[in-house]
Amino acid sequence: MADAFLSDVKVLELGDEKGEFCGKLFAGAGAEVIKIEPPGGAPTRLNAPFYHDQPNPERSLYFWHYNVGKRGATLDIAAPEAKPMLEKLIAATDVLIDSLPLDTLSGLGLDWSALQKLNPRLIYLVITPFGRSGPWRDYKATDLVHLALGGPMMCCGYDPRPDGTYDTPPIAPQMWHAYQIACNQAFIGAVGALIGRETTGQGEMIDLPIHQAIAVSTEVDVPIWIYSKKPVFRQTGRHAVQRISPQAQFQTADGRYAMLLIGITPRESAALIDFLKQKGFGGELTEKFAEPASRRGPEFNAALNRALTQCMGAFGFEQLWKEAMRKRISWAAIRLPEENLADEHWRMRQTFAKVEHPELGETFDYVGAPTLAEQCPWRTGPRAPLVGEHNREIYARLGLSDSQVEELARKRVI
Amino acid sequence: MRPLEGVRILDLTWVLAGGGGPRLLDALGAEAIRIEWRDRLDTLRLAGPFAGPEPDQSKPRGPTDPPANVNRSGIYNDINSGKRAISLNMTRPEGREIFKRLVAIADVVVDSFTSETMRNWGLGYEVLKSIKPDIIYLQQSGWGYKGVYSGFGSYGPVAQAISGLTEQSGLPSPYPPAGWGYSYMDWSGAYYCAIMMLLAVYHKKRTGKGQYIDGSQLEPSIYLTGTAVLDYAVNGRHWQRSGNRAIAKPAAPHGVYRCAGEDRWIAIAITNEEEWRALKTEIGDPAWAAEPRFATMAARVANQDELDRLLGAWTAGQDPFALQERLQKAGVAAGVCQTAEDRVERDPQLRHLNWLIPLPHPEMGTWPVKNIPFHFANAEVDQGGPLGRAAPCYGQDNDYVYGTLLGMSPAQRAELRQGGII
């Protein structure tokens, strides 16, 4: 078997969608991730979409995607019999991801000082909506509420009317990005702590408030406010900035869209004008704006916009962008996620992976590696665990016999 | 002590998708040395907003001095806080020889050039490895080196367009995609830049082995498209935008609603009957809320357009923050669509978390910088890094790097400076 980044790391995951993506990253990097679910299965098993639209704890594509590569055991952590089992599991892990409701573990007598006694080398990662203290500590949140409070929504949406007011709402880009943004940073902190442990031999507790993780992940709006005290305007398919910038997204002949990043440098503007001319849409631009110095201001922007609108409208969304890219123009097709599956580039890089579902007798394309690391390949699979799939194996490590495991199952402890 | 103490990074990244990666390792204690040259500066160094008045551009400058405003960009200051910086002309063979001496004392080399640049300079992985056998080399280009698009450039919006993230955001057709109003894949690209470096550093600590990683900005973007690919692979279903409505589980009302003030909105998300009852009570149990078409979650989901209109009519005259506080007290998930001003000037939770950290800069003075959101109980971890400072000035650490680390005499350094090498 090929080497993996974290092949000697063991992770225990407790909680819900807040922390699942972090566990997925650990599994991809080669750690052994044990996901502890309540008896009957985690609530995210009921998240859509579903295999053939059949709502069923074993058929949630959401669960499959966020839990691929993990092992699964069930445990009612609040049951009296569960506590010594949980303590043994914690004693044997390197990283504990806790995205349970606030104070759940400390309520069971497993606060940070108790955890340290169980396992002085433990990296304890706590993912909470707003932090473990502070005025909004007990606020309720969802993906949508996080993307509102954290700042992304006020940057995302559609152009204002000519008078600068909006008739469309701020938009939360979809795909549970609140948790993806937070878990990326949670993972960075946790791997950092693992590295530190190599020197100190000591564990660490890391507090990751999702609200803060999102608030630091927007781009220019915060520096613009800090340095200029100016607001930004959200604009269709391009950056929210202090003024209305030229259109960057255009409809194509097939009713789809393509985008163009305009005017980064004079060289790029010149390359773009040449390209439009070559495609037969350069007339006005090459006549009136032959001098590079003249290529600025509202008149030029309007002429460029006309040429781009016509050119984009004459071709399909996939047709021109590669040719433009070869001329170093930042032009791109606006694809559906699934349209990348057929792309040769990603096939060569094994960006998508096939994952087998033996009980269905089928194999599906999954999003695979976020990068190509040939010495330590990313792991995508095996498929997410069935409810309690690894109970016997995992509880055998705690010294429980098969009959004891069956007894615990009868009592709904597992 | 900081967890990454003793890890030295040669940072050849640009803008944010690259530059934000070493920034995070600095916060964890690494020493990132940013390598720059005046003729091809990071565009962020020259981009506003700037701190303080515009510098005087008319003052005479020496042959290797950068533009006068190079050390005053607020965005550069945020993205490069905690780093060191040297000036080094990598386009000259003498510059590349000095770079090789630095490789010999480094743990990680990271660049975000287009993918052939380092090879064209004779600085591919094989060469770096011959200098330092356990070197970690992360090439964080736009599209990755292997593959048919390896020469293509990328910015955040390009990565978002190709991956599907743009198409996934916005109101249902016939509205066009709204996309992201910022380079989501710049910070997210930076997170994967940091993740890959950290994983490789951990692996090296455990095994003694370095490695080459062919990273990109595009693949993390695909990685974040979530279940859409699987829904197509399993069900043959294509992605369809649905505005701000819930996609993973039934929830209604679920959206943003206009409040008093210009362009002020509050997000409200009702995911169960208990929350719906609490919301109804706050509205004052109006007759419409008791109608059968809103009686169950399924009914509310089916009648969302009308539900949104009625709820929006109730929120419209209200102060967004007072409403947020009131709904949260009642057990309803609600939050204002906050601007940067709201977060910087008012948000009491972010203030409690010290989300901005004041860091000193030699020319700009002390300004707030976004702090890292992972709070360590034991180790000292913050965005000032071991140096406790904001972004470096151009060439600020030449004396430390060329003098202290490489042992060059002041005379040697002066000669290299005169020769346009440093």
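Against chain B, whose longest principal axis comes from its Cα atoms, helix B:320-329 is set at around 70 degrees.
What's the local net charge at residue A:410, with K and R +1, D and E -1, over the other residues with C-beta under 15 Å away?
-2
I want the antiparallel fraction of DSSP beta bridges within the protein assembly as shown, as a percent rounded to 5.
Numbers: 34 of 80 bridges.
Antiparallel bridges: around 45 percent, rounded to the nearest 5.
Of the residues A:235, A:14, A:390, the one whose Cα sits farthest towards the positive end of the charge dipole of chain A is A:235 (charges of +1 on Lys and Arg Cβ, -1 on Asp and Glu Cβ, taken about the Cα centre). Counting charges near residue B:298 (Lys, Arg +1; Asp, Glu -1) among other residues having Cβ under 13 Å from its Cβ returns a value of +2. All C-alpha to C-alpha distances of chain B, sorted into 20 Å bins beginning at zero, yield P(r) values of 22, 47, 25, 6, 0 percent in whole numbers. Helix A:298-314 versus the longest principal axis of chain A: what angle, 0 to 90°, nearest 10, using Cα atoms? Here the helix axis deviates by roughly 70 degrees. Of all lysines in the structure, the ones whose alpha carbon falls short of 28 Å from that of residue B:146, not counting any fewer than 8 places away in one chain, are A:24, A:322, A:327, A:354, B:100, B:129, B:132, B:204, B:205, B:209.
When the dipole is taken about the Cα centre of chain A, and only Lys, Arg (+1) and Asp, Glu (-1) are charged at their Cβ, what size is it in debye, to the nearest 20?
1020
Isolated cysteines of chain A, defined as having no other cysteine beta carbon under 4.7 Å away, are A:155, A:156, A:311, A:376.
Ranking B:155, B:311, A:192 by Cα position along the charge dipole of the protein assembly as shown, where only Lys, Arg, Asp and Glu carry charges on their C-beta atoms, puts B:155 farthest toward the positive end. Using Cα pairs under 8 angstrom and six or more residues apart, how large is the relative contact order of chain A, in percent? Rounded, it is 19 percent for chain A.
For the segment B:140-149, counting C-beta atoms of other chains within 10 Å of every residue's C-beta and taking the mean gives 5. Helical runs (DSSP H, four residues minimum) scored at -39500 (n - 2.57) apiece and divided by the length of the protein assembly as shown put the mean residue ellipticity at 222 nm at -9500 deg cm²/dmol.
Measuring nothing but how far apart in sequence close Cα pairs (under 8 Å, 6+ apart) lie, relative to its length, chain B scores a relative contact order of 21 percent. Over all alpha-carbon pairs in segment A:249-334, figure out the percentage whose distance exceeds 18 Å. So the pairs more than 18 Å apart make up 35 percent of the total in segment A:249-334. If you run the Gaussian network model on chain B, springs between alpha carbon atoms under 10 Å, then out of B:222, B:357, B:270 the most flexible one is B:270. The relative contact order of segment B:254-345 comes to 42 percent, based on Cα pairs under 8 Å that sit 6 or more residues apart. For a straight C-alpha distance cut-off of 20 angstrom, the lysines reachable from residue B:249 (same-chain residues fewer than eight places away being disregarded) are A:18, A:140. Between the residues B:108, B:80, B:191, the greatest Cα displacement towards the positive end of the dipole of segment B:64-204, with unit charges on the Cβ of Lys, Arg, Asp and Glu, is found for B:108. A simple charge model with +1 on the Cβ of Lys and Arg, -1 on the Cβ of Asp and Glu and nothing else charged puts the dipole of segment A:331-414 at about 340 debye relative to its Cα centre. A simple charge model with +1 on the Cβ of Lys and Arg, -1 on the Cβ of Asp and Glu and nothing else charged puts the dipole of segment B:354-422 at about 100 debye relative to its Cα centre. Which percent, to the nearest 5, of DSSP beta bridges fully inside chain A are antiparallel? Beta bridges within chain A, antiparallel portion: roughly 40 percent. Helix A:17-28 axis versus longest C-alpha principal axis of chain A: approximately 90°, rounded to the nearest ten.
Each label was represented as a point 7 Å from its Cα along the Cα-to-Cβ direction; for residue B:306 and residue B:288 these points are 1.0 nm apart. Highest GNM mean-square fluctuation among A:260, A:194, A:100, for chain A modelled with Cα contacts below 10 Å: A:260.
Legend: mean number of C-beta atoms from other chains within 10 angstrom of residue C-beta atoms, peptide A:379-387, equals 0.
Local charge for residue A:24 was computed over the other residues whose Cβ lies under 14 Å away, with Lys and Arg +1 and Asp and Glu -1, and equals +1.
Read-outs: derived from the displayed coordinates by stated rules, not from any lab. Keep in mind that this is a model prediction, so the values were computed, not measured. Quick reminder, even Gly has a Cβ in these numbers, built from the backbone with ideal geometry, and neighbours come from all protein chains shown.
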